[in-house]
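**Student:** Would you mind keeping the following structure in view while I ask a few things?
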Amino acid sequence: MNLNLRNAILSNVSGNNTDQLEATIKEAINSGEEKMLPGLGVLFELIWENAEQSEKQEMLEALEQGVQQATTES
């Protein structure tokens, strides 16, 4: 069976408004289930591909801070 995970994830959120997308993201994060990580990755890919360079830099700085904080708390 050839399952395209990316297409399946995009199909699941197709037509969702911002509130629904936010709920999907929050649910994925709050569930703590690793099976949700690919979906978040696909959503992040969309954000990244549609971001301006300045927005990408902001995301990278926020990510760097988040990684540092997470590794400090571990």
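The values are calculated or read from the model by the stated rules, or taken from the named source; none is laboratory data. Since we're looking at a predicted model, the values are computed, not measured. We place every Cβ from the backbone using ideal geometry, glycine too, and count neighbours over all the protein chains shown.
Residue-wise test of (1) at pLDDT 95 or above; (2) among the basic types (Lys, Arg).
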site	(1), (2)
4	no, no
26	yes, yes
51	yes, no
70	no, no
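**Student:** From the list 15, 39, which one is small (Gly, Ala, Ser) and part of a loop (DSSP other than H, G, I, E, B)?
**Tutor:** 15
Residue-by-condition table, conditions (1) under 19 Å from residue 10 (Cα atoms); (2) exposed (fewer than 10 other Cβ atoms within 10 Å of the Cβ); (3) charged (D, E, K, R):
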{"position": "22", "(1), (2), (3)": "yes, no, yes"}
{"position": "26", "(1), (2), (3)": "yes, no, yes"}
{"position": "48", "(1), (2), (3)": "yes, no, no"}
{"position": "53", "(1), (2), (3)": "no, yes, no"}
{"position": "65", "(1), (2), (3)": "no, no, no"}
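**Student:** With respect to residue 30, determine if the residue is assigned to a helix (DSSP H, G or I) and in contact with a Gly (Cβ under 9 Å, 6 or more places away or on another chain).
**Tutor:** When the stated conditions are applied, residue 30 does not pass them.
**Student:** Only one of these conditions is not met by residue 42: (1) touching a Lys or Arg at 6+ places or on another chain (Cβ under 8 Å); (2) over 22 Å from residue 59 (Cβ atoms). Which number is it?
**Tutor:** Among (1) touching a Lys or Arg at 6+ places or on another chain (Cβ under 8 Å); (2) over 22 Å from residue 59 (Cβ atoms), residue 42 violates only (2).
**Student:** Restricting the search to the range 47-68, which residues are in a helix (DSSP H, G or I) and of a type in the set (A, V, I, L, M, F, W, C)?
**Tutor:** 47, 48, 59, 60, 62, 63, 67 - these are the residues of the range 47-68 that are in a helix (DSSP H, G or I) and of a type in the set (A, V, I, L, M, F, W, C).
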